[in-house]
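The values are calculated or read from the model by the stated rules, or taken from the named source; none is laboratory data. What you are looking at is a predicted structure, and each value in this text was computed from that prediction instead of being measured. Neighbour counts run over all protein chains shown; Cβ positions are idealised from the backbone, glycine included.
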Amino acid sequence: MIQFEQVNKYFGDFHVLKNIDLKIHSGEVVVIIGPSGSGKSTLLRCINRLETVTGGKLIVNQTDLTDPRADINRLRQDIGMVFQHFNLYPHKTALENISLAPRKVRKTPVDEATKQAKQYLSKVGIPEKADAYPAQLSGGQQQRVAIARGLAMKPKIMLFDEPTSALDPEMIGEVLDVMRDLAREGMTMVVVTHEMGFAREVADRVIFMDEGMIMEENAPAEFFQNPQEERTRRFLSRVL
Ligand code: ADP
Ligand code: MG
């Protein structure tokens, strides 16, 4: 589903991604961890072409992103992204936030889009919030609306960039529960997070990044019990 081959990226002179090789299969859940500034968000943003790569090859859902003729709008319809800050439209209700893209981009008729939006709102556990505006929702509820909004486009891949980092501790669990359900249903997911419990329990594979490189990757049990690299051990000793 996603294939990085010797991908490099620079911001000016700054070498942010270094020789990234990474294959993610359909239905796989990959969690990316690593210190701040190590390139995790940049790697994620390359997948939906919010960032362009400087060298190497990147293929996502059979689209070669390094080909200038690649249909980026088409690509993005198949990829949902959830950010740390929920970025909901403040003057639209939960239901309107969720149904907007299907109506505008997929041209789904309004009745159908609204019906589906209600289903996604139920799926994330807050059907009673259909007519609430973002300011009337807690952070955890807003993030669940943001996930429902991503799902409404029926994506093949969901990208999560620190989806719980801006939340109060008591709301983290409800968002992780929604993500866990999605993983169980077979969604292809790439998740940047500091939630090591989630990584251990839900990931098929954990990737540790440092200074723009993939330093280590492994199945979670092996990764957490028996990290191979000194830098991984040092990082884990600080976050666990
Ligand atoms: P992470 O998500 O792991 O914290 P990022 O991918 O956000 O790391 O950033 C990696 C590095 O690239 C950081 O040093 C950051 O300052 C730098 N960086 C990120 N975006 C840009 C940009 N648009 N222009 C220049 N430098 C950037
Ligand atoms: Mg980041």
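Only residues that are of a type outside the set (Lys, Arg) and in contact with a strand residue (DSSP E or B) (Cβ under 6 Å, 6 or more places away or on another chain) were counted across segment 229-240, and they come to 2. Among the residues of segment 15-34, some residue qualifies, meaning at least one is over 13 Å from the mean Cα position of the chain (by Cα), of a type in the set (Val, Ile, Thr), in a strand (DSSP E or B) and farther than 24 Å from MET153 by Cβ.
Remark: pairs (first residue in segment 1-26, of a type in the set (Asp, Glu); second residue within 15 Å of ligand 1 (Cβ to nearest atom); Cβ separation under 7 Å; 6+ apart in sequence or on different chains) = ASP21/PHE4. I'm checking my understanding of the structure. Among residues of segment 35-63 that are part of a loop (DSSP other than H, G, I, E, B) and near ligand 1 (Cβ under 8 Å from one of its atoms), which one is surrounded by the fewest Cβ atoms within 10 Å (Cβ to Cβ)? Ranking the candidates gives SER36 first. Of all the listed residues (PHE198, PHE160, PHE208), the sole one being part of a helix (DSSP H, G or I) and not polar (S, T, N, Q) is PHE198.
When segment 152-164 is filtered for residues that are more than 11 Å from PHE86 (Cα to Cα) and surrounded by fewer than 21 Cβ atoms within 10 Å (Cβ to Cβ), the ones remaining, listed by number, are MET153, LYS154, PRO155, LYS156. Might you let me know whether segment 89-99 holds any residue that is over 26 Å from GLY140 (Cβ atoms), at pLDDT 95 or above and either within 14 Å of ligand 1 (Cβ to nearest atom) or surrounded by 17 or more Cβ atoms within 10 Å (Cβ to Cβ) (or both)? No, the conditions are met nowhere in segment 89-99. One residue is enough: does segment 77-88 have a residue meeting the conditions farther than 27 Å from VAL202 by Cα and away from ligand 1 (no atom under 15 Å from the Cβ)? The answer is no; no qualifying residue exists.
Could you tell me whether any residue of segment 194-206 is within 16 Å of ligand 2 (Cβ to nearest atom), within 30 Å of ARG238 (Cα to Cα) and not charged (D, E, K, R)? Yes.
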